[in-house]
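Novice: Attaching a single structure in structure tokens format; questions to follow.
The values are calculated or read from the model by the stated rules, or taken from the named source; none is laboratory data. Remember, predicted model here, so these are calculated numbers, not experimental data. No Cβ is skipped: glycine too gets one built from the backbone with ideal geometry, and neighbour counts run over all protein chains shown. Just so you know, the surface numbers come from the protein's heavy atoms only, side chains and all, with ligands and any DNA or RNA stripped out. Shrake-Rupley method; radii C 1.70, N 1.55, O 1.52, S 1.80 Å.
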Amino acid sequence: MSFKRADRVSDLIKAEITNILLRQVRDPRVQNVTITDVKMSDDLRQAKIYFVPMGIDSVADEVKEGLKRATGFLKRELGKRLQLRYVPDVTFI
């Protein structure tokens with residue numbers, strides 16, 4: 001049974017994003033966010049990152065805004081940590 005490369009890269013991105021959010025992002029709006037899944041396009045150019053805030057039943061607008069503000073930092077850190085030709089565009093859902 002073979003796995004697609006997009007599936008392997010999505011698992012790697014999920015681990016790296018979780019690590020970056022826990023250790024490097026200092027925004028208090030995104031401190032209690034759990035990354036549940038990452039879906040990659042087949043060409044590895046788009047990454048849809050699914051998240052859930054811990055301890056909150058609904059997703060607050062401030063959590064979405066905090067993740068939107070941290071997108072550039074997260075993309076830059078992924079570029080440093082991953083050995084990919086192109087860093088995928090990150091979208092939080």
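Novice: Note the count of lysine pairs whose C-alpha atoms are less than 14 angstrom apart in the chain, limited to pairs 8 or more residues apart or on different chains.
Specialist: On the way: Lys4/Lys39; Lys14/Lys39; Lys14/Lys48; Lys14/Lys75; Lys39/Lys48; Lys48/Lys64; Lys48/Lys68; Lys48/Lys75.
For the chain, the number of qualifying lysine pairs is 8.
Novice: Provide the per residue accessible area, probe 1.4 Å, for the chain, rounded to a whole number of square angstrom. Walk me through the intermediate numbers first.
Specialist: Details: 6310 Å² over 93 residues.
Counting only protein heavy atoms, the per-residue value for the chain is 68 Å².
Novice: Could you work out the local net charge near Lys39, counting Lys and Arg as +1, Asp and Glu as -1, over the other residues with Cβ closer than 14 Å to its Cβ?
Specialist: Working: positive: Lys4, Arg5, Arg8, Lys14, Arg45, Lys48; negative: Asp7, Asp11, Asp37, Asp42, Asp43, Asp89.
Here the count lands on 0.
Novice: To the nearest 10 square angstrom, what accessible area does Tyr50 show with a 1.4 Å probe?
Specialist: Per-residue accessible area (Tyr50): approximately 70 Å².
Novice: Along the positive direction of the dipole of the chain (beta-carbon charges: Lys, Arg +1; Asp, Glu -1; about the Cα centre), which of Thr34, Thr71, Leu44 reaches farthest?
Specialist: Leu44
Novice: Now for a separate question. I'd like the accessible area for Phe3: 1.4 Å probe, protein heavy atoms, all chains in place, Å² to the nearest 10.
Specialist: The accessible area of Phe3 comes to roughly 130 Å².
Novice: For the pair Thr18/Leu82, report the inter-label distance in nm, with labels modelled 7 Å from Cα in the Cβ direction.
Specialist: 1.6 nm
Novice: Quick check on the chain: what are the equivalent-ellipsoid semi-axes from the Cα gyration tensor, as sqrt(5λ), descending, whole Å? Don't skip to the end; give the middle numbers.
Specialist: Values: eigenvalues 105, 42, 25 Å².
That gives 23, 14, 11 Å for the three semi-axes.
Novice: Would you work out what percent of the accessible area of the chain, with all protein chains in place, is carbon or sulfur (probe 1.4 Å)? Don't jump to the answer; show the numbers that get you there.
Specialist: Values: 3010 of 6310 Å².
On the chain, the fraction of accessible area on carbon and sulfur atoms equals 48 percent.
Novice: Explain nothing, just the number: dipole magnitude of the chain about its Cα centre with +1 on each Lys and Arg Cβ and -1 on each Asp and Glu Cβ, in debye rounded to the nearest 20. List each step's numbers first, then the result.
Specialist: Values: 18 positive and 13 negative charges, 88 e Å.
Result for the chain is approximately 420 debye, rounded to the nearest 20.
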